[in-house]
1. When a/c is below 1.5 the answer is rounded, else prolate if a/b is larger than b/c, else oblate, so apply that to the stretch 39-83 with a ≥ b ≥ c taken from the square roots of the Cα gyration tensor eigenvalues.
2. On the first, second and third principal axes, largest extent first, how far apart are the outermost C-alpha atoms of the stretch 433-505 in Å?
3. Take peptides 429-441, 331-343 and line them up by average Cβ neighbours within 10 Å, highest first, as a rough protection proxy.
4. Send over the semi-axes of the stretch 323-368's equivalent ellipsoid, whole angstrom and largest first, taken as the square roots of 5 times the C-alpha gyration tensor eigenvalues.
5. Need one number: nm distance between label points at residue 531 and residue 354, each 7 Å from Cα along Cα→Cβ, rounded to one decimal.
6. For residue 327 and residue 24, calculate 0.36 nm times their separation in residues minus their Cα-Cα distance, and state this gained length in nm to one decimal.
7. Any idea what % of Cα-Cα pairs in the stretch 16-67 are farther than 12 Å?
8. Write down the Kirkwood hydrodynamic radius of the stretch 312-405, to one decimal in angstroms, obtained as one divided by the mean of 1/r over all alpha carbon pairs.
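Quick note: the coordinates plus some simple rules give every number you see, no bench work behind them. As the structure is a prediction and not an experimental result, all values here were calculated from the model. Neighbour counts run over all protein chains shown; Cβ positions are idealised from the backbone, glycine included.
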């Protein structure tokens, strides 16, 4: 075997193995039954495993998975070009945050033209709720972070509220879900609150003695350590249904000692969204951070803040926010913001009275950052610093401006695809691909015999590599994309037919089998490349300018062209040369 053939053979084997490895999550995702997915909702660990598998599998588009397609028009009346573009990007950022909070998996949000935003929500089951969510105004607020002394009482109140209830998931695998506690009567509620006040008063007196030594000492007995294996056992969660889901890490964040592991974020948020919570917490509320924090060793925790229920400032009093380099911290970035006259007066009063405390910046009920107040700010402008990167500072500035100059948004186009229709589309599309491929395979085997078997192997490998590219590069498979795959099969067959016919022509000239194979590939290569390059150019134009179904078709078509050329000119040649090695002038099955 010559050097060139060895390289091609090695490349073929490596690509096939990588393709199979890249498609393993997709095969695993397909093997998970709907019943198993439903049961996993009660098991956070298994649910996290399934979500990880789905994230690595081939993403299905709206037409295959079902869901909602919206085209939103941003009202840019009276804006110049710069203001219009800024408004478009701010609305897009708001939509990202809202949809992330809404819990839709794998949403797609893209700008279209100068004033439209396309929103795709695969798997959405409640379109009306989604429209209401997207249509509301962004809530940007500045809230004071409560001191650590208030955390103990707030946690106990939350535990008392949810005692005997299970929110979001069963407390342990195989455990029966506890029935929801009966609704409290006004008398019971008053008695509970009175008892809670007495307990809080006693514990506050004890806390004052130890607070000087350790401001978080009270929480040590209540909160489970992150590495404690018994932290989430059923008995502990029955007695501490809220605080049992939290992790304490004092010193990690000066603004809060409370964290929530990623697998418990949904359960904690479900408790915080309960309509009974505001009355029970009395003037304070818990809010989660927007992003998780990597605590090392693969542990992702999300900070949880206790803040004032009433905002100190709101986004309608902010006029501008820009990111810039931090001159005092080389390599870091910061954000400067400016308030209107009314906001400036309020801000000066608040910062003057709360030096040393933390001021949380909240967007849509999630904390973006919680900087410390270093002094009174009378100018109506301030700086938010915190070792931000350039992109982080730009994003934060964008979030701040989002509430300062809201733009009206209305729905220009709306389509809803039911899950059953998506399943039907998959079934019909796959059936069409299978039946079409089967007919082609039978024809090739009958017409080209042994050489046809090599062609069939190349066709199957072509589809395998194409699907692996979709999975590994996080591309979306749509119904038009399936049509592109079918077209790819046809083009791959055409390339292999051209090669086989060229080999036949060389055999008719009484050349040896080895020479005929080499001449056949040499003569067919230019024609195959020319034909595929022109198609690839057309696919690239569709990919660049197309949207929606056109883009889905262009994605699989463009990838399929590249994989077809590889399988036709490299893979089949390796197999053909290996098959004809040492045959001399014997007959060839072609």
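1. Note, shape of the stretch 39-83 comes out prolate.
2. So the three principal-axis extents are 42, 22, 15 Å.
3. Order by mean packing, descending: 331-343, 429-441.
4. 22, 15, 13
5. Label at residue 531, label at residue 354, 7.1 nm between them.
6. In short, 104.2 nm is gained.
7. Here the long-distance tail beyond 12 Å is 69 percent of all Cα pairs in the stretch 16-67.
8. With all distinct Cα pairs of the stretch 312-405 included, I get 13.3 Å.
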